[in-house]
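Please treat every number below as a calculation from the coordinates, not as lab data. Please read these numbers as outputs of a predicted model, since none were measured by experiment. Virtual Cβ from ideal backbone geometry, glycine too; neighbours counted across all protein chains shown.
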Amino acid sequence: MKRIGFLSFGHWGPVQGSRTPSAGDALLQGIDLAVAAEELGINGAFFRVHHFARQQASPFPLLAAIAARTSMIEMGTGVIDMRYENPLYMAEEAAATDLISQGRLQLGISRGSPEPALHGARYFGYAPAEGEDDSAMARRHTAVFRHAIAGHGVAEADPSFMGGGRGLLPIQPTSSGLPRRIWWGAGTRKTAVWAAEQGMNLMSSTLLTEDTGVPFDQLQAEQISMFREAWSAAGHGFEPRVSVSRSIIPVVDAEDEHYFGLRAKVENRDQVGMLDGALSRFGKSYVGAPDALAEDLAQDAAVQAADTVLVTVPNQLGVEYNAKLLGNIAKYVAPAIGWEAPTPQA
């Protein structure tokens, strides 16, 4: 069965037409949208993380607040830039948030994406070690983080405090199921294979930083296939999850037409361009009549290959509009790709 989640970029700012003029508005509306999404049967509430930008930057307070206000919906990130993270502090934050949610945290992490700040992680105190680049540093931080959340010792005990005892102390708290709910945001087929070898779930967005000339959904489906083959070869002992992101906007009334009617005419095809120095392929947006979107998504090779679809939402249009958008997707579009609303808990 497919899962449907929303992915909010968390934009905020005092611009014309925005219903999220401040960071506080964006955070509080993120919580309210997650509550509304759960009531609609949507399976997940996910948030992008960006630094030095008017977007979400510190996700764990937001995710913990959502966990406290909900009971079924997953909450997570798509993705945390591991270049910026103190791995042990992040491990404590993640474990505490997962315990509050009673095991519903799904953390997407990665090397990160292009950003406003030049070498922004340096200002957080992190720079690549000798012989490393930014990607290697992010993977090193990831390895330390995953080692810590698995409950392994990371700090030498002080014998004077421990009554003469020695050994390595783990971070506290820990949450036993969290290590299996870490996702790697892979922008290429090669990094998807690496994620599988490491035992992380796959999170693939609306772009890939490579291009072979085939349609985006087919290239992404190939990425997913390579991930699954590598996972099987690694023998991790549990089934991985795979998510893809899509922009899906059913146009069902005059308000939808006002905001997105023009977009339906200009963003209905893949785009190819340079991103961060690499030739990249960007997936098309699905905007238009619900029955047409359902038919198109049923033919999307990557959507069919994934178990989770994250729908990007225009968060600056506010909770009411986005709840309506998600409701229309749940009613008119998602059943065509194999989704069913979850049964409410007794």
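Structure summary
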quantity: Relative contact order of the chain, pairs being alpha-carbon contacts under 8 Å that are 6 or more residues apart, as %; calculated: 20
quantity: Point-to-point label distance, GLU255-GLU239, nm (Cα→Cβ direction, 7 Å offset); calculated: 3.8
quantity: Sparsely packed chymotrypsin sites (Phe, Trp or Tyr not before Pro) within the range 35-117, loop by DSSP, other Cβ within 10 Å at most 14; calculated: PHE52
quantity: Residue of LEU202, LEU279, LEU62 that the Gaussian network model of the chain assigns the largest fluctuation, springs spanning Cα pairs under 10 Å; calculated: LEU279
quantity: Dimensions (Å) - the range 173-325, Cα atoms, principal axes, largest first; calculated: 51, 42, 30
quantity: Net lengthening on full extension, SER135/ARG263 (0.36 nm per residue, minus Cα-Cα); calculated: 42.6 nm
quantity: Net charge of Cβ neighbours under 14 Å - reference ALA196; Lys, Arg +1; Asp, Glu -1; calculated: +1
quantity: Cα-based convex hull volume of the range 305-346 per residue, rounded to whole Å³; calculated: 99
quantity: Antiparallel %, DSSP beta bridges [both residues in the chain], to 5; calculated: 20
quantity: Lys/Arg +1, Asp/Glu -1 at C-beta; the range 239-342 dipole; positive extreme among GLN316, TRP339, ALA278; calculated: ALA278
quantity: GluC sites (Glu not before Pro) restricted to DSSP loop in the range 189-235 with at most 16 other C-beta within 10 Å; calculated: GLU210
quantity: Alpha-carbon centroids, the range 90-108 and the range 42-84: separation in whole Å; calculated: 11
quantity: Mean separation of Cα contacts under 8 Å, 6 or more apart, over the residue count of the range 1-114: relative contact order %; calculated: 24
quantity: The chain: most fluctuating residue of GLY125, GLY103, GLY151 per GNM, C-alpha cutoff 10 Å; calculated: GLY125
quantity: For the chain: lysine pairs under 28 Å (alpha-carbon distance), excluding those fewer than 8 apart on one chain; calculated: 10
quantity: Point-to-point label distance, THR212-LEU118, nm (Cα→Cβ direction, 7 Å offset); calculated: 3.7
quantity: Modelled label reach - SER225, point 7 Å along Cα→Cβ, the range 180-198 residues with backbone N closer than 18 Å; calculated: 188-194, 196
quantity: For the range 22-165, the spread of Cα positions along each principal axis, largest first, Å; calculated: 52, 44, 23
quantity: Dipole magnitude of the range 1-53, debye to nearest 20 (Cβ charges: Lys/Arg +1, Asp/Glu -1, about Cα centre); calculated: 240
quantity: Pair-distance profile P(r), taking every C-alpha pair of the chain, with 10 angstrom steps and integer %; calculated: 5, 24, 35, 25, 8, 2, 1, 0
quantity: Of GLY187, GLY131, GLY288, the one that fluctuates the most in a GNM where the chain has Cα springs shorter than 10 Å; calculated: GLY131
quantity: Calculated on alpha-carbon atoms, Rg and Dmax of the range 214-302 in Å; calculated: 16.4, 52
quantity: Ratio of the Cα radius of gyration of the range 115-231 to 2.2 N^0.38 Å, where N counts its residues; calculated: 1.39
quantity: Globularity ratio of the range 173-235, using Cα Rg and 2.2 N^0.38 Å; calculated: 1.21
quantity: Loop-located GluC sites (Glu not before Pro) in the range 87-144 whose Cβ has at most 16 other Cβ within 10 Å (DSSP); calculated: GLU130, GLU132
